[in-house]
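Quick notes on the structure that follows.
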Amino acid sequence: MNRPLLAAAGALLISTGAAAKEQPLPPFTLGYEPQTVDERGMWSEADEWEKSVKSSTLRVDDEGLNAYVREVLCKTVGTDRCDGVRVYVLNIPAFNATMSPNGMMMVWTGLLLRARSEAELGAVLGHEFAHFELRHSLKGFQARRSASDVLAWTQVLGNALQVDTRNSQFSLIGSLFRFNREQEKEADLLGLDYLAQSKYPSRSASEVWQHLMEEADATATGRKIKKRHRYRAGFFDTHPTELDRADYLLEQSMAKGDTGDAGAASYYAALSPWLPKLLEDQVRLNDFAGTEYLLNSIAATTGWTGELLQARAELFATRGNPRDLITATTLYLNAIDVGHSRPATMRGLGLSLVKSGKRSEGAEYLRKYLEAEPGAPDASLIRMYVPDERTAK
Amino acid sequence: MIVRGACAALLVLALTTPAGAHKLVEPGSPEKVADGAFRATSGTTWNRLQQSEGKYQEVWTIDGHKLNRLAFYGGVPAGKPLVKERDKKRDPLPKVTESMLLPDVPNLVERTYRTQYDIPIFNIGKQEPATLGGKEGIRFEYTYVDPGDEVERRGEAYAAIEGGKLYLVTFEAPSLHYFARDAAEVRSIVKSVTLRP
Ligand SMILES: [Zn+2]
């Protein structure tokens, strides 16, 4: 099934949106076919691009994770709508999701780490889907490869840090497409309609932007640079400001007055097999304060689990100031106390102790690491810090 | 398919680099590297890139740095990053620390790459004791993907910590073809390395 949308050629069904409540969603055409020469060209380019995405080294080749993200999309926009969408999770630790005019949705792992509930993830996916449904990529002549929001989602950090994120390498794989401000707002509002009609609360859409601003502030504070959030977009801005979005999305959501379970617990339960890897990638970004903010925000829902304690320990251990080593050692021990005694915990704790001058205590934990993982890729190196192992060798 | 296309494009770039842009490293005689932090002897002719990222680094290549990149980082002291930060305030790099041990070196390289070059995928492989310039050190392997060309590159690195300073030599090339082609030459250069006394 390479091209489910094209395969459904001619099946132009009009869906009225399942059991529309007060505000029915706009009619949606299932199995939509590109209508004009421009559109057909764009689709076939997107199809070509999709082939390369499928075999891309950046793709997370995990069916479970891809299926879960798709499930959240379907729960948000409804199964009739999500039928023609293929979801690809890309291993990039930044906040972004994109959608191509042919129905290919790409979701970066950094978004998965930052969403705090199925509803927040659904809010972002719904926004992307709204661009697709409104065929924004066709309306903008700047379309070259795919409809994407790389600027939208990286703009927040860029604004706060006053960095031109468009120069980021990440934007290369993001897309070459830019929507305009009106289209962004349209997608925000239609995305909000999806959420309001779903079992998720529409208020979560505003929260996404609030949390991004908070993270950007934390990063800026940690780097001792100015925070910057504007209320209104400037003349040249292609997107509404994040503050503006947080504001009008909350206002609209209050007008809808819907409630629901955001699915925070179920989100982290589903994400748990992948969370350690997402945390590891984040910790290695060298954004101490931003990472602290993220860890605390996850812990607010899940409590300080072994995985979170371990990640925080690594954060301090890698910065490696003398005081950091005391904190790291404590956090590793706390992780062990809650039953998180992974080989990596033993390794991290052992090395932290060795670095703090407690060589023999450290060697004890490193020995446990080697016992647990005798074939570890660094086993012979770690043996250097375990005296009797070293001589025995 | 992506890989082949990208390599072809890179090859063109490499071949069109004006010869005068690089100083040559002639085989057979010890050369001062990274401002004299190292001496190293090659078995074949390399190009010394004129542009370096900061005062501790020197880069050699045969066909262009995207195809084979041998980088020397000489005597990086505590408190300094491996390379000059592209933006000190907004993209700060991890620093060499006083407490740093050999097992921390791969992680330092990974974190540096993630920030400086926006590398989203970086995997550290085998890590083992080795010597560099006669000093106790580490040898480690890694792979990473540059999102600019989505080519997977393989890396092999050697490091030692001497007098509170980090000495690091890394070699990187596309996993397909190029890495294997030059690995033996690189290992022989690494064997020849001496550190500034
Ligand atoms: Zn958008």
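Taking 0.36 nm per residue of separation and subtracting the Cα-Cα distance, what length does fully extending residue A:254 through residue A:83 add?
Values: separation 171, 0.36 × 171 = 61.56 nm, distance 2.98 nm.
Between residue A:254 and residue A:83, full extension yields 58.6 nm more.
Per the Kirkwood treatment, what hydrodynamic radius in Å, one decimal, follows for region B:89-197 from the mean inverse distance over all distinct Cα pairs?
Result for region B:89-197 stands at 14.7 Å.
Hey, if you put +1 on the Cβ of every Lys and Arg and -1 on every Asp and Glu Cβ in region A:304-391, which of A:328, A:380, A:344 ends up farthest toward the positive end of that dipole?
Of the options given, the answer is A:328.
Based on the Cβ-Cβ distance of residue A:333 and residue A:44, what FRET efficiency does E = 1/(1 + (r/R0)^6) give at R0 = 60 Å, to the nearest 0.05?
0.55
Taking 41 Å as R0, compute the FRET efficiency from the Cβ-Cβ separation of residue A:37 and residue A:214 and round it to 0.05.
Using R0 = 41 Å, I get an efficiency of 0.35.
At residue A:301 and residue B:123, where each label point lies 7 Å from the Cα along Cα→Cβ, what is the point-to-point distance in nanometres?
The answer from the label model is 2.8 nm.
With r as the distance between the Cβ atoms of residue A:359 and residue B:78 and R0 = 25 Å, compute the FRET efficiency 1/(1 + (r/R0)^6) and round to 0.05.
That gives a FRET efficiency of 0.80.
Give me the net charge of residue B:132's neighbourhood, meaning all other residues with Cβ under 13 Å from the Cβ of residue B:132; Lys, Arg count +1, Asp, Glu -1.
Once all neighbours under 13 Å are counted, the net charge is +3.
How large is the accessible surface of residue B:121 in square angstrom, using a 1.4 angstrom probe and rounding to the nearest 10?
About 20 Å², rounded to the nearest 10.
List the residue ranges in chain B for DSSP H helices whose C-alpha atoms run 20 angstrom or more along the long axis and whose Kyte-Doolittle average is -0.5 or above. Intermediate values should be presented prior to the final figure.
On the way: long enough: B:2-16 (22 Å, 2.15); B:178-192 (22 Å, -0.11).
Flagged H segments are B:2-16, B:178-192.
Determine how large the accessible area of residue B:193 is when every protein chain is in place; take a 1.4 Å probe and give Å² rounded to the nearest 10.
Number for this one is 10 Å².
Given bins 10 angstrom wide, list per bin the percent of all Cα-Cα distances in chain B, short to long.
9, 37, 40, 14, 1
In nanometres, what is the gap between the two model label sites at residue B:184 and residue A:135, each 7 Å from Cα along Cα-to-Cβ?
According to this spin-label approximation, the distance is 6.1 nm.
Name the most mobile residue of B:176, B:108, B:166, meaning the one with the largest mean-square fluctuation, in a Gaussian network model of chain B with Cα contacts below 10 Å.
Of B:176, B:108, B:166, the most mobile in the Gaussian network model is B:176.
Quote the total accessible area buried by chains B and A together, excluding ligands, DNA and RNA, probe 1.4 Å, nearest 100 Å².
Answer for the B-A pair: about 3300 Å² buried.
Find the centroid of the Cα atoms in region B:82-126 and in region A:71-115, then give the distance between the two in whole Å.
Cα centroid of region B:82-126 versus Cα centroid of region A:71-115: 30 Å apart.
Given a 1.4 Å probe and the protein chains all in place, what does the accessible area of residue A:186 round to, in Å² to the nearest 10?
80 Å²
Pull out a ≥ b ≥ c, the square roots of the eigenvalues of the alpha-carbon gyration tensor of region A:260-314, then state rounded if a/c is under 1.5, prolate if not and a/b is larger than b/c, and oblate in the remaining case.
Details: a/c = 1.99, a/b = 1.69, b/c = 1.18.
Cα axes put region A:260-314 in the prolate bin.
Per residue of B:143-152, count partner chain C-beta atoms within 10 Å of its C-beta, then hand back the mean as an integer.
4
So, counting K/R as plus one and D/E as minus one, what does the shell of residues with Cβ under 14 Å around residue B:197 add up to? Numbers along the way, then the final one.
On the way: positive: B:32, B:39, B:135, B:165, B:196; negative: B:162.
Overall, the nearby charge balance is +4.
Which entries in the list A:224/A:368; B:89/B:126; A:51/B:84; A:75/A:185; A:185/B:95; A:358/B:165 go over 31 Å, if you measure between the two C-alpha atoms of each?
Values: A:224/A:368 40 Å; B:89/B:126 33 Å; A:51/B:84 38 Å; A:75/A:185 22 Å; A:185/B:95 42 Å; A:358/B:165 22 Å.
Pairs exceeding the cut-off: A:224/A:368; B:89/B:126; A:51/B:84; A:185/B:95.
I want to check the label-to-label distance for residue A:226 and residue A:269. Put each point 7 Å from Cα in the C-beta direction and report it in nm to one decimal.
Modelled inter-label distance: 4.7 nm.
I want the local charge near residue A:279. Using Cβ-Cβ distances under 11 Å, sum +1 for each Lys or Arg and -1 for each Asp or Glu among the other residues.
Result for the local shell: -1.
On a full-extension model of 0.36 nm per residue, what is the gain between residue B:141 and residue B:86, subtracting their alpha-carbon distance, rounded to one decimal in nm?
17.2 nm is the gain from fully extending residue B:141 to residue B:86.
The values are calculated or read from the model by the stated rules, or taken from the named source; none is laboratory data. Keep in mind it's a predicted model, so treat the numbers as computed, not measured. In this analysis, Cβ positions are derived from the backbone assuming ideal geometry, glycine residues included, and neighbour counts consider all displayed protein chains. Note: accessible area is taken over every heavy atom of the protein model, side chains too, but ligands, DNA and RNA are not part of it. Shrake-Rupley method; radii C 1.70, N 1.55, O 1.52, S 1.80 Å.
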